[in-house]
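I have placed the structure first, in the form of structure tokens, so that the comments after it can refer back to it.
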Amino acid sequence: MTVMIDGKKTASQIQSELVNKAQALKKAGLTPCLAVVLVGDDPASQVYVRNKHRAAQKIGIKTKDIHLPKETSQAELLKLITELNSDPTVHAILVQMPLPAQIDAEAMINTIAPEKDADGLNPTNIGHLFMDDPRALACTPRGIMTLLEKYQIEVAGKEVVIIGRSNLVGRPLAALMLNADATVTIAHSKTKDLKKIARQADILVVATGRAEMITKDHIKEGAVVIDVGINRLADGRLVGDVAQGDLDGYVSYLTPVPGGVGPMTIAMLMQQTLELAEKSR
Ligand SMILES: NC(=O)c1ccc[n+]([C@@H]2O[C@H](COP(=O)([O-])OP(=O)(O)OC[C@H]3O[C@@H](n4cnc5c(N)ncnc54)[C@H](OP(=O)(O)O)[C@@H]3O)[C@@H](O)[C@H]2O)c1
């Protein structure tokens with residue numbers, strides 16, 4: 001039987017627990033605050049940003065809602081981040097991506113102070129992660145590790161194959177898996193014989209952004225499959241990067257899309273904001 005990993009339920013449990021943590025910080029005289037910066041009017045980004053504010057509100061995390069016009073220059077954005085870096089009432093900073101073309105995302109990420117890096121993408125934090133001395137962590141990979149932990153899926157000694165090597169998902173996840181004593185393989189678009197490599201996985205993580213590209217014949221029977229992808233098809237349906245239709249009874253665990261990894265990302269963002277606030281004292 002395949003166990004469907006319920007990310008929605010797990011994320012909601014975590015968020016309920018964070019309410020107490022936020023209250024304890026407030027009692028100690030510290031109001032945790034997340035600054036969320038949106039540049040431009042991308043509709044999807046607006047939805048993501050609204051969801052982040054809502055989740056924070058429910059937990060008792062204050063948010064600063066900063067919406068800049070799409071013509072904002074790189075210098076203007078970096079100046080704002082520098083001001084937020086030195087604002088003692090702000091504990092975590094998130095700049096919603098994608099950014100307009102005139103702004104270099106790397107320069108933005110480099111400017112956020114590592115101790116206020118809500119998304120855990122600053123190279124200093126990535127460096128600490130790779131040295132097995134983790135500080136702020138990338139939220140989606142952290143969400144995946146938390147799901148595995150909550151479902152008591154052993155990682156140590158397992159063959160883990162991650163398909164996708166983005167800075168957002170694949171690379172930081174590989175470091176987390178390695179730190180958790182897995183044997184890690186990272187595959188990407190130049191990988192030869194993807195099927196052979198993927199079939200070696202006890203735990204297969206797919207983050208390619210290609211709708212349903214990974215099929216049953218890429219997967220070893222009994223494997224744990226973590227489908228990170230979120231793709232909207234022409235008919236409006238949301239699907240993952242894995243063709244999940246015929247996996248029931250074949251794999252041991254599977255994350256659905258939607259309701260698997262997605263909800264965990266926001267829960268981890270909230271958890272990280274509280275941790276950064278706590279560490280600021
Ligand atoms: N659930 C969440 O909260 C969450 C968070 C982030 C992302 N996502 C989703 O996860 C997916 C990946 O996101 P991302 O930001 O990591 O994407 P990305 O930056 O576009 O990276 C995609 C990766 O997949 C690899 N790839 C693409 N086509 C491939 C193929 N045919 N065979 C093997 N590898 C292939 C690419 O290889 P190369 O490096 O060689 O180009 C690249 O490393 C997307 O669907 C995104 O929406 C979900």
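Tabulated results
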quantity	calculated
Residue, farthest from residue 38 (Cα to Cα), within segment 91-112, restricted to residues that are of a type in the set (A, V, I, L, M) and surrounded by fewer than 16 Cβ atoms within 10 Å (Cβ to Cβ)	107
Residue in segment 192-209 that is among the small types (Gly, Ala, Ser), closer than 23 Å to residue 128 by Cβ, at pLDDT 95 or above and not in a strand (DSSP E or B) present	yes
Test: residue in segment 238-250 that is charged (D, E, K, R) and farther than 21 Å from residue 6 by Cα	no
Lone unmet requirement of (1) without any contact (Cβ under 8 Å) to a residue 60 or more places away in the chain; (2) closer than 21 Å to residue 220 by Cα; (3) touching a Ser or Thr at 6+ places or on another chain (Cβ under 8 Å); (4) within 15 Å of the ligand (Cβ to nearest atom) for residue 157	(4)
Residue in segment 260-279 that is open to solvent by 50 Å² or more (accessible area, probe 1.4 Å) and within 15 Å of the ligand (Cβ to nearest atom) present	no
Evaluation of residue 207 against (1) in contact with a helix residue (DSSP H, G or I) (Cβ under 6 Å, 6 or more places away or on another chain); (2) more than 14 Å from the ligand (Cβ to nearest atom); (3) not acidic (Asp, Glu) (one fails), failing number	(2)
Output for segment 174-200, where each listed residue is open to solvent by less than 90 Å² (accessible area, probe 1.4 Å) and away from the ligand (no atom under 16 Å from the Cβ)	179, 180, 182, 183
Some residue of segment 135-145 being within 11 Å of the ligand (Cβ to nearest atom), part of a loop (DSSP other than H, G, I, E, B) and open to solvent by 40 Å² or more (accessible area, probe 1.4 Å)	no
Residue list for segment 147-159, filter: open to solvent by 20 Å² or more (accessible area, probe 1.4 Å) and outside any loop (DSSP other than H, G, I, E, B)	149, 150, 159
Filter result (within 16 Å of the ligand (Cβ to nearest atom) and aliphatic (A, V, I, L, M)) within segment 220-233	225, 226, 228, 230, 233
Residues within segment 227-246 that are assigned to a loop (DSSP other than H, G, I, E, B), open to solvent by 50 Å² or more (accessible area, probe 1.4 Å) and closer than 25 Å to residue 145 by Cβ, tallied	1
Residue within segment 247-257 that is of a type in the set (Phe, Trp, Tyr), part of a loop (DSSP other than H, G, I, E, B) and either within 22 Å of the chain's Cα centre (by Cα) or more than 9 Å from the ligand (Cβ to nearest atom) (or both) present	yes
Close pairs from segment 165-180: first at pLDDT 95 or above, partner among the basic types (Lys, Arg) and within 8 Å of the ligand (Cβ to nearest atom), Cβ under 6 Å, at least 6 apart	171/165
Residue selected from segment 210-219 under the condition assigned to a helix (DSSP H, G or I) and in contact with a helix residue (DSSP H, G or I) (Cβ under 7 Å, 6 or more places away or on another chain), by the criterion farthest from the ligand (Cβ to nearest atom)	217
Pick from segment 59-86, criterion of a type in the set (Asp, Glu) and under 19 Å from residue 100 (Cβ atoms), ranking: surrounded by the fewest Cβ atoms within 10 Å (Cβ to Cβ)	71
Residue match in segment 46-58 (condition: β-branched (Val, Ile, Thr) and buried (at least 18 other Cβ atoms within 10 Å of the Cβ))	yes
Members of segment 160-173 found to be crowded, with 21+ Cβ neighbours inside 10 Å, closer than 18 Å to residue 130 by Cα and within 15 Å of the ligand (Cβ to nearest atom), listed by number	161, 162, 164, 169, 170, 172, 173
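The values are calculated or read from the model by the stated rules, or taken from the named source; none is laboratory data. None of these values were measured; they are calculated from a predicted model. Note that each Cβ is placed from the backbone with ideal geometry, even for glycine, and that neighbours are counted across all protein chains shown. To get the accessible areas, we keep the full protein, side chains included, count just its heavy atoms, and leave off ligands, DNA and RNA. Shrake-Rupley method; radii C 1.70, N 1.55, O 1.52, S 1.80 Å.
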